[in-house]
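**Q** Just dropping this structure here.
The values are calculated or read from the model by the stated rules, or taken from the named source; none is laboratory data. The shown structure was predicted, so the numbers you read here are calculated from the model rather than taken from an experiment. Here the Cβ positions follow ideal geometry from the backbone for every residue, glycine too, while neighbour counts run over all protein chains shown. The area values use the complete protein model at the heavy-atom level, side chains included, leaving out ligands, DNA and RNA. Shrake-Rupley method; radii C 1.70, N 1.55, O 1.52, S 1.80 Å.
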Amino acid sequence: MNQFAKKYIQPDRDLLNWEKWVKVREEEILTIGQRIQRPPIDMVMNLHEKVREDKEMKSMLQDAQVKERATVRGEPWEQPVRLKQRCYCEPVYEAHRKPEDIGRPRIIEHIGVPRFILENEKNVHGISERDKCVRLNKEYQKYKQKREDQYKEKIKKMDPYRSDISELFVKGNRPKPPSKPLPPLPEIKISTVDEYEETFTVHAVRINNTVFVKESAEQHLMSELHNMQEEKWHESCTSWSYYFNVPKSRVGRAKLFLQNLGTVTLRYCWKKIRQQTPFIQEEVTSQVFFFNKNEDILSPGQTREVYFTFVSCDIGLYRELWELSFCNVSFFENLTQKFVINLQADTIEDTEKIRRKVDILKVRLNRKAIRKLIRGLLNYVFNKVTSVEPQIYPYQKFLLESEIFLMKNPVCFYHQSEVMKLKESYSQMKPGEVWDLSIASWRKAMMKKDFVERMQYFGMLKQSQNILLKPWQEDESLLALKHSAVKLILSRLADKFDQVYADLNLNSNGNDTEVEEDSDDKLLERMIFYIRMRDHVGMAVEYCAGVVRSLDLNRWIPFDFCQ
(Lines give C-alpha, C1' and ligand atoms only; values in the text may rest on other atoms or scores of the structure.)
Protein backbone atom coordinates (compact mmCIF):
# COMPACT_ATOMS: atom_id res chain seq x y z
CA MET A 1 0.00 0.00 0.00
CA ASN A 2 2.84 2.47 0.82
CA GLN A 3 4.55 1.75 -2.49
CA PHE A 4 1.24 2.32 -4.31
CA ALA A 5 0.73 5.66 -2.50
CA LYS A 6 4.27 6.85 -3.31
CA LYS A 7 3.84 5.91 -6.95
CA TYR A 8 0.36 7.23 -7.77
CA ILE A 9 -0.65 9.78 -5.09
CA GLN A 10 0.66 13.31 -5.82
CA PRO A 11 0.66 16.23 -3.31
CA ASP A 12 -1.80 19.09 -3.74
CA ARG A 13 -0.35 21.98 -5.74
CA ASP A 14 -2.40 24.61 -3.88
CA LEU A 15 -1.07 23.44 -0.53
CA LEU A 16 2.50 23.53 -1.85
CA ASN A 17 2.03 27.08 -3.14
CA TRP A 18 0.50 28.14 0.18
CA GLU A 19 3.44 26.69 2.13
CA LYS A 20 5.89 28.44 -0.18
CA TRP A 21 4.03 31.76 0.19
CA VAL A 22 4.06 31.45 4.01
CA LYS A 23 7.85 30.97 4.01
CA VAL A 24 8.46 33.89 1.66
CA ARG A 25 6.18 36.15 3.76
CA GLU A 26 7.99 35.18 6.96
CA GLU A 27 11.39 36.00 5.43
CA GLU A 28 10.15 39.39 4.13
CA ILE A 29 8.56 40.37 7.46
CA LEU A 30 11.68 39.46 9.39
CA THR A 31 13.93 41.34 6.95
CA ILE A 32 11.81 44.51 7.02
CA GLY A 33 11.49 44.32 10.82
CA GLN A 34 15.28 44.11 11.24
CA ARG A 35 15.75 47.14 8.98
CA ILE A 36 13.30 49.37 10.86
CA GLN A 37 13.96 47.70 14.23
CA ARG A 38 10.29 46.95 14.94
CA PRO A 39 8.54 43.64 15.79
CA PRO A 40 6.38 42.00 13.07
CA ILE A 41 3.12 42.79 14.91
CA ASP A 42 3.64 46.54 14.30
CA MET A 43 3.57 45.98 10.52
CA VAL A 44 -0.08 44.88 10.52
CA MET A 45 -2.71 47.62 10.48
CA ASN A 46 -5.54 47.93 13.01
CA LEU A 47 -4.31 45.17 15.34
CA HIS A 48 -3.05 47.50 18.05
CA GLU A 49 -5.81 50.14 17.70
CA LYS A 50 -8.67 47.60 17.43
CA VAL A 51 -10.71 49.79 15.08
CA ARG A 52 -13.33 47.15 14.36
CA GLU A 53 -13.87 46.41 18.02
CA ASP A 54 -14.37 50.13 18.81
CA LYS A 55 -16.88 50.50 15.95
CA GLU A 56 -18.88 47.51 17.18
CA MET A 57 -18.98 48.88 20.73
CA LYS A 58 -20.03 52.33 19.48
CA SER A 59 -22.94 50.96 17.44
CA MET A 60 -23.96 48.73 20.37
CA LEU A 61 -24.08 51.70 22.78
CA GLN A 62 -26.16 53.68 20.28
CA ASP A 63 -28.70 50.85 19.93
CA ALA A 64 -28.82 50.32 23.70
CA GLN A 65 -29.84 53.95 24.34
CA VAL A 66 -32.89 53.74 22.02
CA LYS A 67 -36.21 53.56 23.83
CA GLU A 68 -37.99 50.22 23.65
CA ARG A 69 -41.41 51.68 22.76
CA ALA A 70 -41.62 54.47 20.19
CA THR A 71 -44.41 56.99 20.70
CA VAL A 72 -46.38 58.31 17.75
CA ARG A 73 -46.37 61.98 18.82
CA GLY A 74 -44.11 64.25 20.81
CA GLU A 75 -40.59 63.13 19.82
CA PRO A 76 -38.49 65.24 17.39
CA TRP A 77 -36.32 62.34 16.14
CA GLU A 78 -39.21 60.07 15.25
CA GLN A 79 -40.25 59.54 11.63
CA PRO A 80 -43.87 60.27 10.66
CA VAL A 81 -46.42 57.53 10.11
CA ARG A 82 -46.73 56.03 6.68
CA LEU A 83 -49.58 54.32 4.82
CA LYS A 84 -49.14 50.58 5.04
CA GLN A 85 -51.67 47.75 5.02
CA ARG A 86 -50.70 44.15 4.38
CA CYS A 87 -54.20 42.69 4.52
CA TYR A 88 -57.72 43.91 5.17
CA CYS A 89 -57.76 42.80 8.81
CA GLU A 90 -54.72 44.91 9.84
CA PRO A 91 -54.78 48.64 10.64
CA VAL A 92 -54.14 50.99 7.74
CA TYR A 93 -51.70 53.42 9.41
CA GLU A 94 -48.64 51.92 11.02
CA ALA A 95 -45.70 53.75 12.57
CA HIS A 96 -42.43 53.18 10.74
CA ARG A 97 -40.08 51.93 13.41
CA LYS A 98 -36.63 50.42 13.35
CA PRO A 99 -35.80 47.11 15.09
CA GLU A 100 -34.05 49.11 17.83
CA ASP A 101 -37.25 51.10 18.48
CA ILE A 102 -39.36 47.95 18.76
CA GLY A 103 -36.90 46.40 21.22
CA ARG A 104 -35.30 43.78 18.97
CA PRO A 105 -31.88 45.20 18.00
CA ARG A 106 -29.59 43.22 15.78
CA ILE A 107 -26.96 40.88 17.22
CA ILE A 108 -23.42 42.04 16.60
CA GLU A 109 -21.59 39.66 14.25
CA HIS A 110 -17.86 39.46 14.96
CA ILE A 111 -15.40 38.67 12.19
CA GLY A 112 -11.71 38.19 12.79
CA VAL A 113 -8.67 36.01 12.26
CA PRO A 114 -7.67 33.49 14.96
CA ARG A 115 -4.42 34.10 16.82
CA PHE A 116 -3.04 30.72 15.70
CA ILE A 117 -3.35 31.65 12.01
CA LEU A 118 -1.82 35.09 12.61
CA GLU A 119 1.24 33.64 14.37
CA ASN A 120 1.87 30.44 12.35
CA GLU A 121 0.74 31.33 8.83
CA LYS A 122 0.96 35.14 8.65
CA ASN A 123 3.95 35.42 11.05
CA VAL A 124 2.36 38.19 13.12
CA HIS A 125 4.03 37.72 16.50
CA GLY A 126 5.80 39.76 19.09
CA ILE A 127 4.82 42.52 21.50
CA SER A 128 3.74 45.90 20.12
CA GLU A 129 5.98 48.88 20.96
CA ARG A 130 3.62 51.66 19.87
CA ASP A 131 2.90 54.49 22.31
CA LYS A 132 -0.66 54.61 23.59
CA CYS A 133 -2.36 57.96 24.07
CA VAL A 134 -3.66 57.24 27.55
CA ARG A 135 -4.05 60.84 28.70
CA LEU A 136 -5.97 61.94 25.63
CA ASN A 137 -8.49 59.11 25.88
CA LYS A 138 -8.85 59.17 29.66
CA GLU A 139 -12.11 61.16 29.75
CA TYR A 140 -13.54 59.16 26.85
CA GLN A 141 -12.74 55.84 28.50
CA LYS A 142 -14.35 57.04 31.73
CA TYR A 143 -17.53 58.09 29.88
CA LYS A 144 -17.56 54.80 27.91
CA GLN A 145 -17.19 52.72 31.09
CA LYS A 146 -20.07 54.66 32.69
CA ARG A 147 -22.35 54.01 29.70
CA GLU A 148 -21.42 50.31 29.55
CA ASP A 149 -22.31 49.88 33.22
CA GLN A 150 -25.59 51.79 32.74
CA TYR A 151 -26.77 49.69 29.75
CA LYS A 152 -25.18 46.42 30.83
CA GLU A 153 -28.33 44.30 30.49
CA LYS A 154 -29.23 45.61 27.01
CA ILE A 155 -25.67 45.11 25.77
CA LYS A 156 -25.70 41.54 27.07
CA LYS A 157 -28.97 40.91 25.18
CA MET A 158 -27.61 42.37 21.94
CA ASP A 159 -24.20 40.67 22.21
CA PRO A 160 -24.48 37.56 24.43
CA TYR A 161 -21.45 35.77 22.95
CA ARG A 162 -18.90 38.59 22.86
CA SER A 163 -15.27 37.46 22.96
CA ASP A 164 -11.89 38.70 21.86
CA ILE A 165 -11.55 39.22 18.13
CA SER A 166 -8.19 37.45 18.22
CA GLU A 167 -9.95 34.19 19.10
CA LEU A 168 -12.61 34.36 16.35
CA PHE A 169 -12.60 32.48 13.05
CA VAL A 170 -12.53 33.89 9.55
CA LYS A 171 -15.99 34.21 7.97
CA GLY A 172 -16.33 32.32 4.71
CA ASN A 173 -18.48 29.92 2.70
CA ARG A 174 -19.40 26.52 4.02
CA PRO A 175 -17.54 23.56 2.51
CA LYS A 176 -19.48 21.42 0.13
CA PRO A 177 -21.06 18.35 1.69
CA PRO A 178 -19.26 15.10 0.94
CA SER A 179 -20.74 12.93 -1.74
CA LYS A 180 -22.92 10.09 -0.57
CA PRO A 181 -21.14 6.77 -0.67
CA LEU A 182 -22.54 4.26 -3.11
CA PRO A 183 -24.11 1.14 -1.61
CA PRO A 184 -22.01 -2.01 -1.82
CA LEU A 185 -22.67 -4.31 -4.73
CA PRO A 186 -24.72 -7.41 -3.89
CA GLU A 187 -23.04 -10.76 -3.87
CA ILE A 188 -24.31 -13.12 -6.56
CA LYS A 189 -24.09 -16.79 -5.77
CA ILE A 190 -24.76 -19.40 -8.41
CA SER A 191 -25.94 -22.76 -7.13
CA THR A 192 -27.63 -25.75 -8.72
CA VAL A 193 -30.81 -27.32 -7.43
CA ASP A 194 -30.14 -30.96 -6.74
CA GLU A 195 -33.50 -31.98 -5.38
CA TYR A 196 -36.92 -31.00 -6.64
CA GLU A 197 -39.06 -29.48 -3.97
CA GLU A 198 -42.79 -29.90 -4.23
CA THR A 199 -44.58 -26.50 -4.64
CA PHE A 200 -48.01 -25.58 -3.33
CA THR A 201 -50.33 -22.62 -3.77
CA VAL A 202 -51.38 -20.19 -1.02
CA HIS A 203 -54.33 -17.77 -1.29
CA ALA A 204 -53.94 -14.93 1.25
CA VAL A 205 -54.60 -11.22 1.19
CA ARG A 206 -54.35 -8.35 3.66
CA ILE A 207 -56.92 -5.53 3.59
CA ASN A 208 -55.95 -2.69 5.95
CA ASN A 209 -55.39 -4.49 9.29
CA THR A 210 -57.26 -7.70 8.40
CA VAL A 211 -55.64 -10.87 7.01
CA PHE A 212 -57.75 -13.40 5.03
CA VAL A 213 -56.42 -16.91 4.26
CA LYS A 214 -58.12 -19.60 2.20
CA GLU A 215 -57.13 -23.07 3.37
CA SER A 216 -57.58 -26.33 1.51
CA ALA A 217 -57.69 -29.87 2.85
CA GLU A 218 -54.67 -31.01 0.87
CA GLN A 219 -52.30 -28.23 1.79
CA HIS A 220 -51.04 -26.94 5.09
CA LEU A 221 -50.04 -23.28 5.22
CA MET A 222 -47.08 -21.79 6.94
CA SER A 223 -47.55 -20.81 10.54
CA GLU A 224 -46.56 -17.14 9.84
CA LEU A 225 -49.98 -16.30 8.38
CA HIS A 226 -51.74 -17.73 11.41
CA ASN A 227 -49.42 -15.79 13.68
CA MET A 228 -50.33 -12.57 11.85
CA GLN A 229 -54.01 -13.19 12.56
CA GLU A 230 -53.20 -13.44 16.28
CA GLU A 231 -51.35 -10.10 16.44
CA LYS A 232 -52.75 -7.13 18.39
CA TRP A 233 -53.17 -4.94 15.32
CA HIS A 234 -55.31 -7.55 13.57
CA GLU A 235 -59.02 -6.69 13.16
CA SER A 236 -61.61 -9.27 12.21
CA CYS A 237 -64.09 -7.59 9.87
CA THR A 238 -65.41 -7.78 6.32
CA SER A 239 -66.60 -4.16 5.84
CA TRP A 240 -64.79 -0.83 6.03
CA SER A 241 -66.38 2.61 6.31
CA TYR A 242 -64.92 5.95 5.16
CA TYR A 243 -66.45 9.29 6.07
CA PHE A 244 -65.68 12.57 4.24
CA ASN A 245 -66.60 15.90 5.84
CA VAL A 246 -65.31 18.64 3.53
CA PRO A 247 -66.57 22.00 2.23
CA LYS A 248 -68.15 22.09 -1.18
CA SER A 249 -65.86 22.17 -4.22
CA ARG A 250 -63.05 20.80 -2.02
CA VAL A 251 -61.36 17.43 -2.53
CA GLY A 252 -61.28 14.79 0.20
CA ARG A 253 -59.15 11.64 -0.05
CA ALA A 254 -58.81 8.35 1.79
CA LYS A 255 -56.88 5.17 1.05
CA LEU A 256 -57.28 1.40 1.37
CA PHE A 257 -54.24 -0.82 1.89
CA LEU A 258 -53.96 -4.10 -0.05
CA GLN A 259 -51.21 -6.73 0.12
CA ASN A 260 -50.97 -10.14 -1.53
CA LEU A 261 -49.56 -12.54 1.10
CA GLY A 262 -50.05 -15.67 -1.03
CA THR A 263 -48.28 -17.29 -3.97
CA VAL A 264 -51.02 -16.71 -6.58
CA THR A 265 -51.67 -13.50 -8.50
CA LEU A 266 -55.01 -12.00 -7.47
CA ARG A 267 -57.27 -10.19 -9.90
CA TYR A 268 -59.85 -7.89 -8.33
CA CYS A 269 -62.53 -5.39 -9.41
CA TRP A 270 -65.05 -3.01 -7.86
CA LYS A 271 -68.81 -3.56 -7.97
CA LYS A 272 -71.39 -1.04 -6.87
CA ILE A 273 -74.09 -2.32 -4.49
CA ARG A 274 -77.57 -0.88 -5.03
CA GLN A 275 -79.16 -0.05 -1.70
CA GLN A 276 -82.04 2.31 -1.00
CA THR A 277 -81.79 4.58 2.01
CA PRO A 278 -84.71 6.65 3.37
CA PHE A 279 -82.78 9.86 4.02
CA ILE A 280 -80.11 9.86 1.29
CA GLN A 281 -80.91 10.15 -2.39
CA GLU A 282 -79.59 7.20 -4.29
CA GLU A 283 -79.59 8.74 -7.75
CA VAL A 284 -77.14 11.60 -8.07
CA THR A 285 -76.92 13.70 -11.22
CA SER A 286 -73.09 13.75 -11.17
CA GLN A 287 -70.51 11.34 -9.83
CA VAL A 288 -68.96 12.33 -6.50
CA PHE A 289 -66.78 9.28 -5.61
CA PHE A 290 -63.79 8.35 -7.77
CA PHE A 291 -61.29 5.44 -7.85
CA ASN A 292 -57.87 5.31 -9.39
CA LYS A 293 -58.65 2.03 -11.20
CA ASN A 294 -61.75 -0.10 -11.47
CA GLU A 295 -59.89 -3.35 -12.27
CA ASP A 296 -56.34 -4.33 -11.40
CA ILE A 297 -53.97 -7.23 -10.69
CA LEU A 298 -52.08 -7.84 -7.44
CA SER A 299 -48.94 -9.96 -7.79
CA PRO A 300 -47.59 -12.16 -4.96
CA GLY A 301 -45.90 -10.03 -2.28
CA GLN A 302 -47.06 -6.80 -3.93
CA THR A 303 -48.66 -3.95 -1.91
CA ARG A 304 -50.99 -1.26 -3.20
CA GLU A 305 -52.87 1.73 -1.83
CA VAL A 306 -56.28 2.33 -3.39
CA TYR A 307 -57.31 5.99 -3.09
CA PHE A 308 -60.95 7.09 -2.75
CA THR A 309 -61.57 10.68 -3.87
CA PHE A 310 -64.69 12.69 -3.06
CA VAL A 311 -65.64 16.08 -4.51
CA SER A 312 -69.05 17.74 -4.78
CA CYS A 313 -70.22 21.19 -5.88
CA ASP A 314 -73.54 20.92 -3.98
CA ILE A 315 -74.33 20.75 -0.28
CA GLY A 316 -75.84 17.47 0.88
CA LEU A 317 -75.34 13.92 2.18
CA TYR A 318 -73.94 11.17 -0.03
CA ARG A 319 -73.48 7.45 0.45
CA GLU A 320 -72.31 4.61 -1.79
CA LEU A 321 -71.62 0.90 -1.15
CA TRP A 322 -68.94 -0.88 -3.13
CA GLU A 323 -67.81 -4.51 -3.17
CA LEU A 324 -64.18 -5.58 -3.51
CA SER A 325 -64.52 -8.74 -5.60
CA PHE A 326 -61.64 -11.11 -6.40
CA CYS A 327 -62.27 -12.80 -9.75
CA ASN A 328 -59.97 -15.84 -9.58
CA VAL A 329 -60.50 -16.87 -5.95
CA SER A 330 -63.17 -16.69 -3.27
CA PHE A 331 -62.09 -16.30 0.35
CA PHE A 332 -65.54 -17.17 1.78
CA GLU A 333 -67.42 -20.47 1.89
CA ASN A 334 -70.76 -18.71 1.45
CA LEU A 335 -71.40 -16.51 -1.59
CA THR A 336 -73.52 -14.09 0.40
CA GLN A 337 -70.46 -12.84 2.30
CA LYS A 338 -68.61 -9.95 0.62
CA PHE A 339 -65.90 -7.39 1.13
CA VAL A 340 -67.97 -4.19 1.51
CA ILE A 341 -66.62 -0.66 1.36
CA ASN A 342 -69.04 1.94 2.80
CA LEU A 343 -68.36 5.47 1.51
CA GLN A 344 -70.20 8.31 3.27
CA ALA A 345 -69.76 12.02 2.69
CA ASP A 346 -71.14 15.28 4.04
CA THR A 347 -70.53 18.58 2.21
CA ILE A 348 -70.73 21.83 4.16
CA GLU A 349 -70.31 25.52 3.38
CA ASP A 350 -66.80 26.97 3.13
CA THR A 351 -66.98 29.22 6.20
CA GLU A 352 -63.42 30.50 5.80
CA LYS A 353 -64.09 31.72 2.27
CA ILE A 354 -67.36 33.33 3.38
CA ARG A 355 -65.58 35.07 6.28
CA ARG A 356 -62.93 36.46 3.91
CA LYS A 357 -65.65 37.78 1.58
CA VAL A 358 -67.43 39.39 4.55
CA ASP A 359 -64.18 41.07 5.66
CA ILE A 360 -63.58 42.42 2.15
CA LEU A 361 -67.16 43.69 2.00
CA LYS A 362 -66.74 45.40 5.39
CA VAL A 363 -63.57 47.14 4.22
CA ARG A 364 -65.29 48.34 1.05
CA LEU A 365 -68.29 49.64 3.00
CA ASN A 366 -65.98 51.41 5.46
CA ARG A 367 -64.10 53.03 2.60
CA LYS A 368 -67.32 54.21 0.98
CA ALA A 369 -68.56 55.54 4.34
CA ILE A 370 -65.26 57.37 4.91
CA ARG A 371 -65.39 58.87 1.41
CA LYS A 372 -68.96 60.00 1.99
CA LEU A 373 -68.01 61.52 5.36
CA ILE A 374 -65.02 63.33 3.82
CA ARG A 375 -67.18 64.68 1.00
CA GLY A 376 -69.70 65.95 3.56
CA LEU A 377 -66.97 67.67 5.57
CA LEU A 378 -65.49 69.28 2.44
CA ASN A 379 -68.91 70.52 1.34
CA TYR A 380 -69.46 71.97 4.80
CA VAL A 381 -66.05 73.69 4.69
CA PHE A 382 -66.68 75.14 1.23
CA ASN A 383 -70.13 76.37 2.22
CA LYS A 384 -68.68 77.85 5.40
CA VAL A 385 -65.93 79.65 3.47
CA THR A 386 -68.04 80.92 0.58
CA SER A 387 -71.05 82.00 2.64
CA VAL A 388 -71.16 85.46 4.24
CA GLU A 389 -71.56 85.24 7.99
CA PRO A 390 -72.69 88.15 10.18
CA GLN A 391 -69.72 89.52 12.07
CA ILE A 392 -69.76 90.07 15.81
CA TYR A 393 -67.79 93.34 15.56
CA PRO A 394 -68.85 94.95 12.26
CA TYR A 395 -67.42 98.33 13.21
CA GLN A 396 -63.85 97.00 13.32
CA LYS A 397 -63.49 97.30 9.54
CA PHE A 398 -64.26 101.03 9.72
CA LEU A 399 -61.53 101.71 12.33
CA LEU A 400 -58.02 102.87 11.55
CA GLU A 401 -54.92 101.00 12.63
CA SER A 402 -54.16 103.52 15.33
CA GLU A 403 -57.65 103.23 16.80
CA ILE A 404 -57.48 99.40 16.76
CA PHE A 405 -54.06 99.50 18.44
CA LEU A 406 -55.36 101.84 21.16
CA MET A 407 -58.46 99.67 21.60
CA LYS A 408 -56.33 96.52 21.98
CA ASN A 409 -53.78 98.29 24.21
CA PRO A 410 -55.58 101.22 25.92
CA VAL A 411 -52.63 102.06 28.19
CA CYS A 412 -50.14 102.42 25.28
CA PHE A 413 -49.38 105.17 22.78
CA TYR A 414 -49.56 104.43 19.03
CA HIS A 415 -46.36 104.98 17.04
CA GLN A 416 -46.45 103.88 13.39
CA SER A 417 -42.76 103.00 12.89
CA GLU A 418 -42.57 100.97 16.12
CA VAL A 419 -45.80 99.15 15.28
CA MET A 420 -44.36 98.21 11.85
CA LYS A 421 -41.22 96.82 13.54
CA LEU A 422 -43.35 94.72 15.87
CA LYS A 423 -45.39 93.51 12.90
CA GLU A 424 -42.26 92.35 11.05
CA SER A 425 -40.85 90.62 14.13
CA TYR A 426 -44.20 88.85 14.73
CA SER A 427 -44.19 87.55 11.13
CA GLN A 428 -40.68 86.20 11.81
CA MET A 429 -41.80 84.46 14.99
CA LYS A 430 -44.95 83.00 13.35
CA PRO A 431 -44.55 82.79 9.57
CA GLY A 432 -47.79 83.13 7.64
CA GLU A 433 -49.73 84.88 10.44
CA VAL A 434 -50.68 88.54 10.80
CA TRP A 435 -50.35 90.37 14.10
CA ASP A 436 -53.68 91.46 15.62
CA LEU A 437 -52.03 94.62 17.12
CA SER A 438 -52.29 93.20 20.66
CA ILE A 439 -49.12 93.29 22.71
CA ALA A 440 -50.40 90.39 24.84
CA SER A 441 -50.49 88.07 21.81
CA TRP A 442 -47.04 89.34 20.72
CA ARG A 443 -45.67 88.49 24.17
CA LYS A 444 -47.24 84.96 24.05
CA ALA A 445 -45.53 84.25 20.72
CA MET A 446 -42.23 85.51 22.18
CA MET A 447 -42.44 83.21 25.24
CA LYS A 448 -42.76 80.09 23.03
CA LYS A 449 -39.29 80.64 21.54
CA ASP A 450 -35.99 79.30 22.83
CA PHE A 451 -33.91 81.25 25.35
CA VAL A 452 -31.57 82.88 22.82
CA GLU A 453 -34.34 83.97 20.43
CA ARG A 454 -36.58 85.01 23.30
CA MET A 455 -33.93 87.33 24.71
CA GLN A 456 -33.34 88.82 21.25
CA TYR A 457 -37.04 89.61 20.78
CA PHE A 458 -37.24 90.84 24.39
CA GLY A 459 -34.57 93.46 23.65
CA MET A 460 -36.55 94.64 20.64
CA LEU A 461 -39.74 94.89 22.74
CA LYS A 462 -37.88 96.77 25.47
CA GLN A 463 -36.69 99.39 22.97
CA SER A 464 -40.23 99.86 21.64
CA GLN A 465 -41.54 100.29 25.20
CA ASN A 466 -39.81 103.66 25.60
CA ILE A 467 -41.76 105.06 22.63
CA LEU A 468 -45.07 103.22 23.01
CA LEU A 469 -45.44 104.34 26.67
CA LYS A 470 -45.09 108.08 25.94
CA PRO A 471 -47.65 110.50 27.39
CA TRP A 472 -50.69 111.31 25.28
CA GLN A 473 -50.75 114.04 22.67
CA GLU A 474 -50.25 117.52 24.16
CA ASP A 475 -52.13 119.32 21.37
CA GLU A 476 -55.59 118.28 22.59
CA SER A 477 -57.10 119.48 25.83
CA LEU A 478 -56.86 117.33 28.93
CA LEU A 479 -60.61 116.74 29.13
CA ALA A 480 -60.83 115.58 25.50
CA LEU A 481 -57.97 113.18 26.08
CA LYS A 482 -59.70 111.73 29.13
CA HIS A 483 -62.98 111.30 27.19
CA SER A 484 -61.28 109.60 24.22
CA ALA A 485 -59.28 107.23 26.48
CA VAL A 486 -62.33 106.26 28.56
CA LYS A 487 -64.38 105.75 25.35
CA LEU A 488 -61.77 103.33 23.94
CA ILE A 489 -61.59 101.35 27.18
CA LEU A 490 -65.41 101.11 27.44
CA SER A 491 -65.72 100.08 23.77
CA ARG A 492 -63.25 97.28 24.44
CA LEU A 493 -65.31 96.26 27.51
CA ALA A 494 -68.44 96.13 25.29
CA ASP A 495 -66.58 93.87 22.86
CA LYS A 496 -65.71 91.57 25.77
CA PHE A 497 -69.45 91.41 26.67
CA ASP A 498 -70.30 90.30 23.15
CA GLN A 499 -67.41 87.84 22.98
CA VAL A 500 -68.23 86.08 26.29
CA TYR A 501 -71.94 85.89 25.38
CA ALA A 502 -71.13 84.40 21.96
CA ASP A 503 -68.78 81.79 23.49
CA LEU A 504 -71.45 80.63 25.98
CA ASN A 505 -74.11 80.38 23.23
CA LEU A 506 -71.71 78.48 20.97
CA ASN A 507 -70.99 75.90 23.67
CA SER A 508 -74.66 75.44 24.57
CA ASN A 509 -75.88 75.10 20.95
CA GLY A 510 -72.96 72.89 19.78
CA ASN A 511 -74.92 69.61 20.04
CA ASP A 512 -76.92 68.44 17.02
CA THR A 513 -79.73 66.93 19.06
CA GLU A 514 -82.29 69.36 20.39
CA VAL A 515 -82.66 68.91 24.14
CA GLU A 516 -84.58 71.21 26.40
CA GLU A 517 -82.28 72.98 28.81
CA ASP A 518 -82.89 72.64 32.49
CA SER A 519 -83.12 75.60 34.83
CA ASP A 520 -79.90 74.45 36.54
CA ASP A 521 -77.95 74.66 33.26
CA LYS A 522 -79.26 78.15 32.57
CA LEU A 523 -78.36 79.25 36.09
CA LEU A 524 -74.86 77.78 35.68
CA GLU A 525 -74.32 79.64 32.38
CA ARG A 526 -75.50 82.91 33.93
CA MET A 527 -73.11 82.49 36.85
CA ILE A 528 -70.19 81.79 34.48
CA PHE A 529 -71.12 84.90 32.49
CA TYR A 530 -71.17 87.03 35.67
CA ILE A 531 -67.82 85.67 36.90
CA ARG A 532 -66.05 86.34 33.59
CA MET A 533 -67.52 89.81 33.16
CA ARG A 534 -66.60 90.76 36.73
CA ASP A 535 -62.93 90.26 35.83
CA HIS A 536 -63.25 92.25 32.61
CA VAL A 537 -65.09 95.13 34.36
CA GLY A 538 -62.46 95.27 37.10
CA MET A 539 -59.64 95.44 34.54
CA ALA A 540 -61.47 98.19 32.61
CA VAL A 541 -61.86 100.25 35.81
CA GLU A 542 -58.16 99.85 36.56
CA TYR A 543 -57.27 100.96 33.02
CA CYS A 544 -59.51 104.02 33.27
CA ALA A 545 -58.07 105.02 36.65
CA GLY A 546 -54.48 104.60 35.46
CA VAL A 547 -54.97 106.59 32.22
CA VAL A 548 -56.85 109.47 33.93
CA ARG A 549 -54.22 109.70 36.67
CA SER A 550 -51.35 109.67 34.21
CA LEU A 551 -53.01 112.45 32.19
CA ASP A 552 -53.57 114.51 35.32
CA LEU A 553 -49.93 114.17 36.41
CA ASN A 554 -48.70 114.61 32.80
CA ARG A 555 -46.05 111.94 33.12
CA TRP A 556 -45.14 108.56 31.60
CA ILE A 557 -47.33 105.61 32.34
CA PRO A 558 -45.56 103.23 34.83
CA PHE A 559 -46.59 99.98 33.07
CA ASP A 560 -44.13 97.30 31.94
CA PHE A 561 -45.76 95.01 29.38
CA CYS A 562 -42.50 93.11 28.75
CA GLN A 563 -42.90 90.99 31.91
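**Q** I'm told Asp359 meets every condition in (1) touching a strand residue (DSSP E or B) at 6+ places or on another chain (Cβ under 9 Å); (2) open to solvent by less than 90 Å² (accessible area, probe 1.4 Å); (3) of a type outside the set (Gly, Ala, Ser) except one. Can you identify the failing condition by its number?
**A** (1) is the only condition that Asp359 fails.
**Q** Does Thr210 satisfy the criteria of being modelled with pLDDT of 85 or more and within 15 Å of Leu324 (Cα to Cα)?
**A** Yes, satisfied.
**Q** Working only within the stretch 39-61, note down all residues that are in contact (Cβ under 8 Å) with a residue 24 or more places away in the chain and open to solvent by 90 Å² or more (accessible area, probe 1.4 Å).
**A** Lys50, Arg52
**Q** Can you report the number of residues in the stretch 315-345 which are in contact (Cβ under 8 Å) with a residue 24 or more places away in the chain, loosely packed, with under 12 Cβ neighbours inside 10 Å, more than 21 Å from Ala254 (Cα to Cα) and of a type in the set (A, V, I, L, M, F, W, C)?
**A** Matching residues across the stretch 315-345 total 1.
**Q** If you don't mind, there's one more thing I want to ask. Give the residue, chosen from Val358, Val284, that is modelled with pLDDT of 85 or more and either under 41 Å from the mean Cα position of the chain (by Cα) or in a loop (DSSP other than H, G, I, E, B) (or both). Please lay out each step first, then the result.
**A** On the way: Val284 fails: modelled with pLDDT of 85 or more.
Going through Val358, Val284 in turn, the sole match is Val358.
**Q** Only one of Glu235, Glu197 is modelled with pLDDT under 75, part of a loop (DSSP other than H, G, I, E, B) and not hydrophobic (A, V, I, L, M, F, W, C). Can you tell me which?
**A** Working: Glu235 fails: modelled with pLDDT under 75.
Just one listed residue meets the conditions, Glu197.
**Q** Is one or more of the residues making up the stretch 416-431 surrounded by fewer than 16 Cβ atoms within 10 Å (Cβ to Cβ), of a type outside the set (Gly, Ala, Ser) and outside any helix (DSSP H, G or I)?
**A** Yes - at least one qualifying residue is present in the stretch 416-431.
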